[in-house]
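The values are calculated or read from the model by the stated rules, or taken from the named source; none is laboratory data. Keep in mind the model is a prediction, meaning the values are calculated, not measured. We place every Cβ from the backbone using ideal geometry, glycine too, and count neighbours over all the protein chains shown. All accessible areas refer to the heavy atoms of the entire protein, side chains included, with ligands and DNA or RNA removed. Shrake-Rupley method; radii C 1.70, N 1.55, O 1.52, S 1.80 Å.
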Amino acid sequence: MGHNSADHRSGYRRFALGLSLTGAILGGMVSSALAGDASPITIGVILPLTGPASPVGNEMRRGLELAQDELAAKGGIAGHPVKFAFEDNQARPDLSVIAFNKLTSIEDAQVIFSAMSGPTLAIAPLATRKRVLEINAGAQADALNTASPYLFNTLPTVSREAGILAKYLVEKGMKTAGILYENAAAGEAGRDGFAQAFEQAGGKVIGEEPAQFGQADFRPPLLKLAAANPEVIFASVTVDQLELAQQYRQLAGKAPLAGTTLLYSTKLLSDPAASNGLIYSAIHIEAPKELNDAYKARFGADMPLFAKQYYNASQMIFSVMEGLAKENKEITGDTMRAYILEKKTFQNLVKLIFNSNTAETQLDIKVMQDGKSELVTSVEP
């Protein structure tokens, strides 16, 4: 039975949000269809809140929590509070499927935030079947491009990002590369994307070595790669970035380390002895001072990358809901999807352009030096 059939949706809370076509527009009042109704809009969130990827997952959570508090202070969406319902998947696809079914069946969520390539891909077919919008702001596997018509990625795939980095490295005279990759969807996608782009740019990959996800001993693969004497080592990992860099320095590695956005971590940047000279591509995103100050006041640190990413993605979804409210339309996976494809461009912390289900956005090349990231060059979408 289709998700939008009368029988199936009878148990769901639908929000016919909108402004009245009378003078209530000027007064900011909700349409008469919602008089006396202040039921919450639930947004499901599936993140790794425990386990090896939990440091990143909790960064994402804090970005969403800050966005939720800001929206609450503004009165929600057309008078309706917005509630994030968090589920911990430990970065596991099987737990992600269970969480998705819970959030859509019990919480009636019409939009789900996800993270990590494996879990996001695991729930994509469910998003298609249930016609629920899925928003990914923290995974980059190429397969995400076509995993579901209901999946929207607010950051570029790893192939595009790794391709820009590979071209830069070759232009700087690094013609041979070794690749250390995490033995999981994101790591393998980074390996493949970088290898193809590096060789297309005129370089040569002279070694590839896997590392097990969640096991922070990188010495055996690093030793094998270093023995091949590459001019750069590309690391495609999503966790334990600091341990990787520290172990490489302990092994007296001479070739610079390089990676994509996923290689960045605040812990890594905080250790200059390990991170100095690391070259990485980065999704361009900045937090205004007022936002960073608000984040720091609440969580005790500057706003990190993935907190910014999920804050930014939440602002996009809030604007979609507000747009539907002004058009007096229901908030469903179908209406949100149609709104994104029609509007295409969203400007919050960074401009996102949806000419497909994956956003085009600015990318930077940066170098870590003395606890800071220094901009080298930028590539516009």
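Does any residue of segment 264-286 turn out to be over 17 Å from the mean Cα position of the chain (by Cα), open to solvent by 50 Å² or more (accessible area, probe 1.4 Å) and farther than 30 Å from L251 by Cβ?
Checked segment 264-286: no residue is over 17 Å from the mean Cα position of the chain (by Cα), open to solvent by 50 Å² or more (accessible area, probe 1.4 Å) and farther than 30 Å from L251 by Cβ.
Which condition number does Y150 fail, the rest of (1) open to solvent by 10 Å² or more (accessible area, probe 1.4 Å); (2) more than 26 Å from R61 (Cβ to Cβ); (3) touching a strand residue (DSSP E or B) at 6+ places or on another chain (Cβ under 6 Å); (4) of a type outside the set (G, A, S) being met?
Every listed condition holds for Y150 apart from (2).
Results for (1) touching a strand residue (DSSP E or B) at 6+ places or on another chain (Cβ under 7 Å); (2) surrounded by 13 or more Cβ atoms within 10 Å (Cβ to Cβ); (3) modelled with pLDDT under 95; (4) not hydroxyl-bearing (S, T, Y), shown as yes or no for each residue.
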{"position": "H8", "(1), (2), (3), (4)": "no, no, yes, yes"}
{"position": "T22", "(1), (2), (3), (4)": "no, no, yes, no"}
{"position": "A33", "(1), (2), (3), (4)": "yes, no, yes, yes"}
{"position": "V56", "(1), (2), (3), (4)": "no, yes, yes, yes"}
{"position": "D69", "(1), (2), (3), (4)": "no, no, no, yes"}
{"position": "A72", "(1), (2), (3), (4)": "no, no, no, yes"}
{"position": "G79", "(1), (2), (3), (4)": "yes, yes, yes, yes"}
{"position": "E87", "(1), (2), (3), (4)": "yes, yes, no, yes"}
{"position": "Q90", "(1), (2), (3), (4)": "no, yes, no, yes"}
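When the residues of segment 328-362 are narrowed to those that are of a type in the set (S, T, N, Q) and closer than 13 Å to L133 by Cβ, which ends up nearest to the chain's Cα centre (by Cα)? Walk me through it before giving the result.
Kept after step one, since they are of a type in the set (S, T, N, Q), are these residues of segment 328-362: 328, 332, 335, 345, 347-348, 355-358, 361-362.
Filter once more, so that each one left must be closer than 13 Å to L133 by Cβ: 332, 335, 357.
Working: T332: 22, T335: 22, N357: 14 Å.
Checked segment 328-362; the qualifying residue nearest to the chain's Cα centre (by Cα) is N357.
Quick one: in segment 248-263, of everything that is in contact with a helix residue (DSSP H, G or I) (Cβ under 6 Å, 6 or more places away or on another chain), in a helix (DSSP H, G or I) and open to solvent by less than 20 Å² (accessible area, probe 1.4 Å), which residue is modelled with the highest pLDDT?
Y248
Considering only segment 306-345, how many residues are basic (K, R) and within 25 Å of Q140 (Cβ to Cβ)?
Residues that pass the stated criteria total 4.
Of the conditions (1) touching a residue at least 40 places away in the same chain (Cβ under 8 Å); (2) under 18 Å from G138 (Cα atoms), I77 clears all except one; give me its number.
(2)
Condition first: small (G, A, S) and within 15 Å of L262 (Cβ to Cβ). Now tell me which residues in segment 186-228 satisfy that.
Taking segment 186-228 first, the residues small (G, A, S) are 186-187, 189-190, 193, 195, 197, 201-203, 207, 211, 214, 216, 226-228.
Those that are small (G, A, S) and within 15 Å of L262 (Cβ to Cβ): A186, G187, A189, G190, G193, A211, G214.
Return yes or no: is A245 surrounded by 17 or more Cβ atoms within 10 Å (Cβ to Cβ) and assigned to a strand (DSSP E or B)?
No, not satisfied.
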